[in-house]
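Input: a single structure, listed below in structure tokens.
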Amino acid sequence: MTTALWLGAALSLSALSAWLVLLLARGGFWRTDIRLPAIGPAGPPSEWPSLAVVVPARNESDVLPHTLPALLAQDYPGELHIYLVDDESDDATADTARAIAASVGAADRLTVIRNRPPPPDWMGKTWAMHTGVNAASVGRPDFFLLTDADIWHPPDSARTLVTAAREHDLDLVSQMAMLRVDSLWDRLLIPAFVMFFGMIYPFRWSNDPKHAVAAAAGGCMLVRAGALARAGGIESIAGDVIDDCALARRIKDHGRPHGGRIWLGLSREVRSVRRYRGLGDIWSMITRSAYAQLDFAAWRLAGTVIGLLLVFVWPPVATILGAVALATGAAAAPSALLLSSGLTAWTLMAASLVPMLRWYGTRTIVAMALPITAAIYTLMTFDSARLHWTGRGGRWRGRRVSGR
């Protein structure tokens, strides 16, 4: 019994050490203060670069009425045109988009393109992005804004993004959109999802030209046309499931002779209108790309599962076991160490999520449930691998995801 308590205490100390390292030396992943600054009045139209907005849209007739009018109404001073790629939709996506543009008097600002099926080595979304970029390139735009159909942009979104790119000499400017948090599952899983993303890709490291980390959020990415061309275009990420981070990696590595400059931050104004209909929708979103994040490597999966269980799940288990051991008169020293180290690790873990919970307006008590959240994400990751191993891949918006 005593040996088991000492072993448990050693695991707890390992988890505590991991949290100290994460909080102190992982790029401040838990912070929520990386945001684009407000901008002043717009200058003359002649001073503004041309902008092409590319919107891949697959079966999006239900969300376009909530998002497309805002894109069409952008107060961007320069030339702006929207290319909506109808990605083999079997609903009224194309007709809905045209009707919306006509109803707001902006039909001349929208081109709807019916996409062909993707070639074998392409992902559906990257193929749609490629189609839109190719169509827009005829007009030789200075910038592309790659955005999803479910993303709502404030009136000054395009102007804010272009201003940031010009003033800070950036090749890629990306904003992590505010996701919807409505249900209990949303509150439990969505803020943690954004924090986990920041843990894998610390924003500050990604924004540092000297650091190897590169990341972007696919819902809102402004890219210099020249930088995209130097990086190899959309075709360079044709088969990547996690296309946004792959594009950021390409631009940071190949955008200039000495690497491209990229920026990623949070936004309250850019928002996703998509509602998650329970755990199943979130589960599908994660299983689509979780195993791809691990490069489809079984050894990475094993390490990730072990790491998640040790760092996130073991601390509360250790806290309970240590308290029970002390209450039942077990060896005091290992029991107290098991309890104290487990509780401290659990507290640090919860504290890391509090800023993101506040960002999303969620009660901070939810942070104490982060071990449960992490356990669910562990199951999602394993299920993503299972789907890949059985040849079914993940499914997203009615299409199977395989990837490389």
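Residue count for region 111-129 under the criterion of being of a type outside the set (D, E, K, R) and under 20 Å from the mean Cα position of the chain (by Cα): the result is 6. Does residue 99 satisfy the condition of being in contact (Cβ under 8 Å) with a residue 12 or more places away in the chain and either assigned by TED's automatic domain parsing to the domain that holds residue 275 or in contact with a helix residue (DSSP H, G or I) (Cβ under 9 Å, 6 or more places away or on another chain) (or both)? No, not satisfied. Looking at region 318-328, is at least one residue surrounded by fewer than 17 Cβ atoms within 10 Å (Cβ to Cβ) and closer than 30 Å to residue 57 by Cβ? Among the residues of region 318-328, not one is surrounded by fewer than 17 Cβ atoms within 10 Å (Cβ to Cβ) and closer than 30 Å to residue 57 by Cβ, which makes the answer no. From the list 239, 198, 226, the one residue that fits, being in a loop (DSSP other than H, G, I, E, B) and either in contact with a Phe, Trp or Tyr (Cβ under 8 Å, 6 or more places away or on another chain) or closer than 15 Å to residue 172 by Cβ (or both), is 239. Among the residues of region 151-190, those identified as charged (D, E, K, R) and not in a loop (DSSP other than H, G, I, E, B) are 159, 166, 167, 186, 187. For region 117-128, the count of residues that are in a helix (DSSP H, G or I), among the hydroxyl-bearing types (Ser, Thr, Tyr) and surrounded by fewer than 22 Cβ atoms within 10 Å (Cβ to Cβ) is zero. Among the residues making up region 253-268, a single one is modelled with pLDDT of 95 or more and touching a His at 6+ places or on another chain (Cβ under 9 Å): 263. Within region 187-195, is even one residue among the hydrophobic types (A, V, I, L, M, F, W, C) and more than 30 Å from residue 379 (Cβ to Cβ)? No, region 187-195 contains no residue that is among the hydrophobic types (A, V, I, L, M, F, W, C) and more than 30 Å from residue 379 (Cβ to Cβ). Looking at 182, 142, 171, 156, which one is in contact with a Pro (Cβ under 6 Å, 6 or more places away or on another chain), more than 20 Å from residue 288 (Cβ to Cβ) and touching a residue at least 12 places away in the same chain (Cβ under 8 Å)? Checking each option against the conditions leaves just 142. The listed residues are 188, 172, and the only one of them that is over 18 Å from residue 34 (Cβ atoms), in contact with a helix residue (DSSP H, G or I) (Cβ under 7 Å, 6 or more places away or on another chain) and crowded, with 17+ Cβ neighbours inside 10 Å turns out to be 188. Residue count for region 303-334, restricted to those that are under 14 Å from residue 347 (Cα atoms) and free of Cβ contacts under 8 Å to residues at least 24 places away in the same chain: 1. The residues listed here are 133, 138, 181; of these, the one that is farther than 30 Å from residue 208 by Cβ, in the same structural domain as residue 207 (by TED's automatic domain parsing) and not small (Gly, Ala, Ser) is 138.
The values are calculated or read from the model by the stated rules, or taken from the named source; none is laboratory data. The structure displayed is predicted, hence computed values, not measured ones. Ideal geometry is used to build each Cβ from the backbone, glycine not excepted, and the neighbour counts take in all protein chains shown.
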